[in-house]
Amino acid sequence: MRIVRAAAATVVLALLALLVWDVAHGSQGGVAAKVDKGHVVTAPELQLPLFDRGGHFDLADYRGKVVVLNFWASWCVDCKLEAKTLHDAAAKAGKDVVFVGVDDKDLAGPARAYMKRYDVNYPVARDPDGSATTKWGVTGYPETFFIDRQGRVTRHVNGPLPADKLQSWVRTELRS
């Protein structure tokens, strides 16, 4: 019995050590945490399959444009609340601004129904395994990142985008 207890204690200590190491050496929240601390960071590579359009979304293809990158899920209540704001802003966006949605780990049927119901008028990429969500440090939905013309993430919004500020933020990015 002592051997079993000793082995169990060793396993618990090893797991605790692994947890401490991961916290100390982890990504510290990815892009979101860095931007929230006031840093402007280079946007990481982002290549995902496009939803229902075929092909892939590649963030690098949009260098020279302002990109508003919105992570969402079909079951997210706050995503539904901000859907009209995104739709209206994307409809008014000029040729130098691109809105892109990233649907995270969602089933195809509910995602399609969401896009139809809320008249999503911008490209949507799929993050089926959540790898992009992890890299970007997304902790909930919706979360939005503003990427300037040079490919730098300059702003992170956790929660629904305020309609009264969205256009102002886009104009700020266009001036940079």
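The values are calculated or read from the model by the stated rules, or taken from the named source; none is laboratory data. Just so you know, these numbers come straight off a predicted model, no measurement behind them. Using ideal geometry, Cβ is built from the backbone for each residue, glycine included, and neighbour counts are taken over all protein chains shown.
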> In the range 139-146, is there at least one residue being modelled with pLDDT under 95, more than 10 Å from the chain's Cα centre (by Cα) and not polar (S, T, N, Q)?
Replying inline: no
> Which residues, taken from the range 127-170, are in contact with a strand residue (DSSP E or B) (Cβ under 6 Å, 6 or more places away or on another chain) and within 17 Å of Val77 (Cβ to Cβ)?
Replying inline: Val138, Tyr141, Pro142, Glu143, Thr144, Val157, Asn158, Leu161
> Exactly one of (1) of a type in the set (Asp, Glu); (2) within 17 Å of Ala163 (Cβ to Cβ); (3) crowded, with 16+ Cβ neighbours inside 10 Å is unmet by Asp106. Its number?
Replying inline: (2)
> Any idea which of (1) closer than 16 Å to Phe57 by Cα; (2) of a type in the set (Lys, Arg); (3) touching a Ser or Thr at 6+ places or on another chain (Cβ under 7 Å) is the one Arg126 doesn't satisfy?
Replying inline: (3)
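Tell me the strands (runs of 3 or more DSSP E) entirely within the range 33-104 that contain at least 3 residues that are not acidic (Asp, Glu). Working first, answer last.
Working: elements: 47-49, 56-58, 66-72, 97-104.
In the range 33-104, 47-49, 66-72, 97-104 are the strands (runs of 3 or more DSSP E) which contain 3 or more residues that are not acidic (Asp, Glu).
When you go through Arg149, Arg155 one by one, which is the residue that is among the charged types (D, E, K, R), touching a residue at least 12 places away in the same chain (Cβ under 8 Å) and assigned to a strand (DSSP E or B)? Break it down stepwise before answering.
Working: Arg149 fails: assigned to a strand (DSSP E or B).
From the options Arg149, Arg155, the qualifying one is Arg155.
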> Of the residues Asp96, Asp129, which is surrounded by fewer than 19 Cβ atoms within 10 Å (Cβ to Cβ), within 26 Å of Glu45 (Cβ to Cβ) and in contact with a Lys or Arg (Cβ under 6 Å, 6 or more places away or on another chain)?
Replying inline: Asp96
